[in-house]
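First up is the structure itself, then whatever we jot down about it.
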Amino acid sequence: MSPYALSVLMSSLAVGTITTLSSTHWFLAWMGLEINTLAIIPLMTKTHHPRGAESATKYFLTQATASGLILFSTAINAWTLGEWTITNLNPTSSTILTIALAMKLGIAPFHLWLPDVMQGLNLMTGLILSTWQKLAPMALLITISHQLSPDLLMLMAILSTVVGGWGGLNQIQMRKIMAYSSIAHLGWMIMILTFSPTLTILSLIIYITLTTSMFMMMINLYSTNINKLATSWLKTPTLSALMMITLMALGGLPPTSGFLPKWLIIQEMTKQHMGLMSTIMALSALLSLFFYLRLSYVISLTTAPNISNSNLMWRARLKPVVVMPIIITLSLMLMPITPILLTII
């Protein structure tokens, strides 16, 4: 792809997200979401592969349906209340809008498009879809969190954590595993959305940090499935060890950064007398932890020094990515500064 075209598309992604984040009018927010959708579709098809075209088609149809639902809900709201302000919603519009934004994010039971779309993308576009494309819909959900139905959000949260853990168990493709990881993390975010939006923001920041570091390591190691991941120790043992610890952080094991949001969310749910829900969420997190542990086992314990048939260098040179050490450090070591994070947010 031409650098000029790539710069225009990346700028459009930024403009679309910033438009949605800064808007107080539903039509402007919808327009920002549409700019986001139209900007990422050429990035999906730049590989000139049938899987890329299939992913772009599925993504476009899903996002177009969700955008239509957003327009429908906001039109009902304007007809009922006589205004287009984001902060005022009637119950019917609130329910339809929650479903539409869940479709855009890939929250269960509207998640079926996400693993297939992720599998047809290259790793850099998958990183954008897993992180940047979550910002605008999640910002809208946080803005209207006080008007959403807690029962509907809790139902989708439980389904997301269970489906995200269960769906990733038998996967061998890293992009599908990261898609199911995204579904499970989104379930944790929306579970606490109506009770503590600040915890949702903290969870989103940590999820983006962990996912970015994981995708950057996969890009450096060219690891798109478990077999390639098993030979990564031959290329860069240090980066493979860091990837193993990052997988533990995605699973939520202490003392990594991934433990922080799960701990605070379960604590808040206990304060809200939601003991059964917090127990189900904690048990469903064990499903996700299982396939993260399996990947760590593949990286660390199943690799002999001579199993690779390719002409790999014994110590491959990494791409000079300046931001990667910072992201990995943040992924692993945010637990000690928890009080400062809570004070800032």
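Brief remarks follow.
- Any hit, region 142-151, residues being among the small types (G, A, S) and buried (at least 24 other Cβ atoms within 10 Å of the Cβ): no
- Of the residues making up region 221-238, at least one is closer than 18 Å to T329 by Cβ and open to solvent by less than 30 Å² (accessible area, probe 1.4 Å).
- The conditions of being hydroxyl-bearing (S, T, Y) and either in a strand (DSSP E or B) or in contact with a Phe, Trp or Tyr (Cβ under 6 Å, 6 or more places away or on another chain) (or both) are not met by S223.
- Region 268-327: number of residues that are open to solvent by 100 Å² or more (accessible area, probe 1.4 Å), over 19 Å from M216 (Cβ atoms), modelled with pLDDT under 90 and under 26 Å from the mean Cα position of the chain (by Cα): 1
- Residue match in region 58-78 (condition: open to solvent by less than 10 Å² (accessible area, probe 1.4 Å), under 17 Å from the mean Cα position of the chain (by Cα) and not assigned by the TED database to the domain that holds I219): yes
- For G82, the conditions (1) out of contact with any Leu (no Cβ under 9 Å at 6 or more places or on another chain); (2) on the phi < 0 side of the Ramachandran plot are fulfilled apart from (2).
- Contact annotation: no residue pair with Cβ atoms under 7 Å, 6 or more positions apart or on different chains, pairs a residue in region 179-206 that is under 18 Å from L169 (Cβ atoms) with a partner that is among the aromatic types (F, W, Y) and part of a loop (DSSP other than H, G, I, E, B).
- Among the residues of region 214-242, those identified as closer than 22 Å to S182 by Cα, of a type in the set (S, T, N, Q) and touching a residue at least 60 places away in the same chain (Cβ under 8 Å) are N220, T224, S240.
- Scanning region 41-90 for residues that are among the charged types (D, E, K, R) and without any contact (Cβ under 8 Å) to a residue 40 or more places away in the chain turns up just one, E83.
- For T92, the stated conditions hold: it is part of a helix (DSSP H, G or I), open to solvent by 10 Å² or more (accessible area, probe 1.4 Å) and in the same structural domain as I41 (by the TED database).
- Residue list for region 105-134, restricted to those being open to solvent by less than 10 Å² (accessible area, probe 1.4 Å), of a type outside the set (S, T, N, Q) and closer than 16 Å to M10 by Cβ: L121, G126, L129
- Taken over region 1-33, the criterion of being open to solvent by less than 40 Å² (accessible area, probe 1.4 Å), within 20 Å of G82 (Cα to Cα) and out of contact with any Ser or Thr (no Cβ under 7 Å at 6 or more places or on another chain) is satisfied by S23 alone.
- Search result, residues across region 32-60 that are over 22 Å from A139 (Cβ atoms) and in contact with a Phe, Trp or Tyr (Cβ under 8 Å, 6 or more places away or on another chain): M44, K58
- Residue match in region 96-104 (condition: among the charged types (D, E, K, R) and open to solvent by less than 40 Å² (accessible area, probe 1.4 Å)): yes
- Residue among M189, M214 that alone is farther than 23 Å from L21 by Cβ, touching a helix residue (DSSP H, G or I) at 6+ places or on another chain (Cβ under 6 Å) and in a helix (DSSP H, G or I): M214
- Options L21, L6; residue that is in a helix (DSSP H, G or I) and within 21 Å of the chain's Cα centre (by Cα): L21
The values are calculated or read from the model by the stated rules, or taken from the named source; none is laboratory data. Owing to the predicted nature of the structure, the values given are computational and were not obtained by experimental measurement. Please note: Cβ atoms are built from the backbone with ideal geometry, for glycine as well, and neighbour counts cover all protein chains shown. Ligands, DNA and RNA are excluded from the accessible area calculation, which covers all protein heavy atoms including side chains. Shrake-Rupley method; radii C 1.70, N 1.55, O 1.52, S 1.80 Å.
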